[in-house]
Amino acid sequence: MNHQITIVIGDPGPTVVDYSKKKNVDMIIIGSRGLNSFQEFVLGSVSHKVVKREPGVLLWL
């Protein structure tokens, strides 16, 4: 399996989605820290922002 690791500067959720659309990536693999509902509400979740916006294939760990 070919893969590429890229570092991009910006707001994490939208930046991941924008990059994946620009580069036409096959899959995004993203982790979750396991925040509880209150922590997620207050802090937000990059993985949830990506899941809501990304139309492509995601592997959410």
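The values are calculated or read from the model by the stated rules, or taken from the named source; none is laboratory data. Since the structure is predicted, the reported quantities are computational estimates derived from the model, not experimental observations. Every residue, glycine among them, receives a Cβ derived from its backbone with ideal geometry; neighbour counts consider all protein chains shown.
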Which numbered condition Leu58 fails, given (1) in a strand (DSSP E or B); (2) modelled with pLDDT of 80 or more:
(2)
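Please count how many residues of the range 8-20 are surrounded by fewer than 13 Cβ atoms within 10 Å (Cβ to Cβ) and under 18 Å from Ser47 (Cβ atoms). Walk me through it before giving the result.
Pass one, the range 8-20, residues surrounded by fewer than 13 Cβ atoms within 10 Å (Cβ to Cβ): 8-11.
When the remaining residues are screened for being under 18 Å from Ser47 (Cβ atoms), the result is 8, 10-11.
Qualifying residue count, the range 8-20: 3.
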